[in-house]
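Undergrad: Right, I'll just put the structure down here and ask away after.
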Amino acid sequence: MDSFTLLERLSNLPGVSGFESPVREAIAELIEPFVDEMYTDALGNLIALRRGTSDFRLMLDAHMDEVGLMVQYIDERGFLSFSPIGGWDPRILPSHLVTLFTAEGRQIAGVLGADPPHILPPQDRARVIPLEKMFIDLGAQSRAEVEAMGVAVGDPVLIQYPFRRIGRETVAGKALDDRAGCATIIKALEALKDERLKATIVAAFVVAEERGLIGGRTAAYQIDPHMALVLEGTVAGDTPGVPPQRCPCRQGEGPAITVADQSFIAPREMVGAIQSIARREGIPCQIKAPAFGGTDAGAIHQSRSGVFTGVIAVPCRYTHSPFSTCRLSDFEHGWKLLAAFCKEAAKLDSTLNHSLPKH
Ligand SMILES: [Zn+2]
């Protein structure tokens, strides 16, 4: 599947943390021809194994979940209060269209409402509206009418607009954090389909990263890998008003390699190994400035007795918003770099990973 179509398919799927099954089902179908076995664990992680000629296990991690909202209360006039799932910036929420997903599988449209500026006192007009003062309006007149639609407290809600191309080679859609990472793994598995690999690749498409690196933590424990790579969509700051020292990474300069973020300091040897593979393959890449954000690597590298871990990310502008963007060229350089790394990983192990042999 070409990069645009794959990103489009994954970006458009709903997968609020805790409600990832549509994403999981699509990924299982997409990777089925490229892996030897797969299963879904108790938390909902999809774990897929592609056997190599050795027992060396390289874990690849990407999270399926995305930030969203959850119905908290339905008032007597039919308005819904909500709580955020994952990190939202309240400045960008009001007036967006939302989709609510009922337990019976219905999708219900609504609007994210807030007090109109006309009725606010002047001192409040310049202030950010707190999330607790916003509400969801489903166009209903009463609680009974909302309940008759099948809506209940606990239902997930998404701001959801269709994926599209903007400009020549930029795409815009929701949840590129981290569907771009999921797609990176899928494209790399496809590229490696007919390769004979020494490393056994264990791809983990995990749940609830946005709620505290939950699926990545439990996936690492059960996979017990010798080495791990986390694939992400990360914050690009190459936009007006961002000084260079506050810019984590830039679009158009290839995948970003983490040296450190809020959750993790990458081993220098891992950063160097990724860079030298990129150089040899002629793939552009960049170092992501420390110490912005955090990823599943924060949990994975602490699993059991510690896992030698790295992070490769597609630079995305406007993450955790209704529309994030990425460049198709950065995405393609990312999966090519990942595929090249998978071919070398078992060889790198003996020189980089200073731990006792497993099993
Ligand atoms: Zn992420």
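Undergrad: In vacuum, with every alpha carbon of the chain counted as one equal point scatterer, what does the Debye formula give for log10 I(q)/I(0) at q = 0.07, 0.08, 0.09 Å⁻¹? Two decimals, please.
TA: The computed values of log10 I(q)/I(0) come out as -0.31, -0.40, -0.50.
Undergrad: Rank-order 281-294, 213-226 by packing density, defined as the average count of other C-beta atoms within 10 Å over each peptide's residues, highest first.
TA: Listed from highest to lowest mean packing, they are 213-226, 281-294.
Undergrad: With every protein chain left in place, what is the accessible area per residue of the chain in square angstrom, probe 1.4 Å?
TA: Using a 1.4 Å probe on heavy atoms only, each residue of the chain averages 44 Å².
Undergrad: Then there's this: Under the definition of Cα pairs under 8 Å and six or more residues apart, what whole-number percent is the relative contact order of the chain?
TA: RCO, the chain: 23 percent.
Undergrad: Using a 1.4 Å probe on the protein chains only, how many percent of the accessible area of the chain belongs to carbon and sulfur?
TA: 52
Undergrad: Same structure again: What's the magnitude of the charge dipole for region 229-323 around its Cα centre, counting Lys and Arg as +1 and Asp and Glu as -1 at the beta-carbon? Answer in Debye, nearest 20.
TA: Using Cβ point charges on Lys, Arg, Asp and Glu, region 229-323 gives about 120 debye.
Undergrad: A further question follows. Give the total of Lys-Lys pairs in the chain with Cα-Cα distances below 21 Å; include a pair only if its members are 8 or more places apart or on different chains.
TA: 15
Undergrad: Which value results for Rg/Rh of region 38-101 when Rg is the Cα radius of gyration and Rh the Kirkwood radius based on the inverse mean 1/r?
TA: In region 38-101, Rg relative to Rh is 1.21.
Undergrad: What is region 289-341 by shape, rounded, prolate or oblate, if you read a ≥ b ≥ c off the alpha carbon gyration tensor as root eigenvalues and call it rounded for a/c under 1.5, prolate for a/b larger than b/c, and oblate otherwise?
TA: It is oblate, given that a/c is not under 1.5 and a/b is not larger than b/c.
Undergrad: Here is a further query. Kindly provide the Kirkwood hydrodynamic radius of region 93-250 in Å, to one decimal, from all pairs of distinct alpha carbon atoms.
TA: 20.3
Undergrad: Principal axis extents for region 92-135, Cα atoms only, whole Å, descending order, please.
TA: 44, 16, 14
Undergrad: Could you state, as a whole-number percent, how many of the C-alpha pairs of region 174-289 are farther apart than 20 Å?
TA: 52
Undergrad: Ranking request for peptides 36-45, 17-26: highest mean number of other beta-carbon atoms within 10 Å first, then the rest in descending order.
TA: 17-26, 36-45
Undergrad: I've got another one for you. Cα gyration tensor of region 254-357, axes a ≥ b ≥ c as square roots of the eigenvalues: rounded (a/c below 1.5), prolate (a/b > b/c) or oblate?
TA: Here region 254-357 falls in the oblate category.
Undergrad: Right, another one. First check a/c for region 123-166, with a ≥ b ≥ c the square roots of the eigenvalues of its C-alpha gyration tensor; if it is under 1.5, answer rounded, and if not, answer prolate when a/b is larger than b/c or oblate otherwise.
TA: oblate
Undergrad: If you don't mind, another one. Using a Debye calculation, one point per C-alpha and no hydration shell, please list log10 I(q)/I(0) for region 1-120 at q = 0.16, 0.17, 0.18, 0.20 Å⁻¹ in order.
TA: Debye curve over Cα of region 1-120, log10 I(q)/I(0) at q = 0.16, 0.17, 0.18, 0.20 Å⁻¹: -0.94, -1.02, -1.10, -1.26.
Undergrad: Quick check: pseudo-label points 7 Å beyond the Cα along Cα→Cβ at R91 and A42, how many nm apart are they?
TA: 4.2
Undergrad: Continuing with the same structure: With axes computed from alpha carbons, what is the tilt in degrees of helix 3-12 against the longest principal axis of the chain, rounded to the nearest 10 within 0 to 90?
TA: 40
Undergrad: Can you give the angle from 0 to 90° between the axis of helix 176-191 and the longest principal axis of the chain, with both taken from C-alpha atoms, to the nearest 10?
TA: On a 0 to 90 degree scale, this one is about 30.
Undergrad: Percent antiparallel among DSSP beta bridges with both residues in the chain, to the nearest 5?
TA: Bridges in the chain that DSSP calls antiparallel: roughly 65 percent.
Undergrad: Return one quarter of the surface area of the convex hull spanned by the alpha-carbon atoms of region 68-159, equal to its mean projected area, in nm².
TA: The number I arrive at for region 68-159 is 5.8 nm².
Undergrad: Among residues other than G237 whose Cβ falls under 9 Å from its Cβ, what is the net charge (Lys/Arg +1, Asp/Glu -1)?
TA: +2
Undergrad: Can you give the relative contact order of region 68-159 as a percent, counting alpha carbon pairs under 8 Å and 6+ residues apart?
TA: Normalised by residue count, the contact order of region 68-159 is 45 percent.
The values are calculated or read from the model by the stated rules, or taken from the named source; none is laboratory data. Just so it is clear, the structure is predicted and the values come from calculations on it, not from any experiment. Cβ: placed from backbone, ideal geometry, glycine included. Neighbour counts: every protein chain shown. Areas reflect the complete protein model, heavy atoms only, side chains present, ligands, DNA and RNA absent. Shrake-Rupley method; radii C 1.70, N 1.55, O 1.52, S 1.80 Å.
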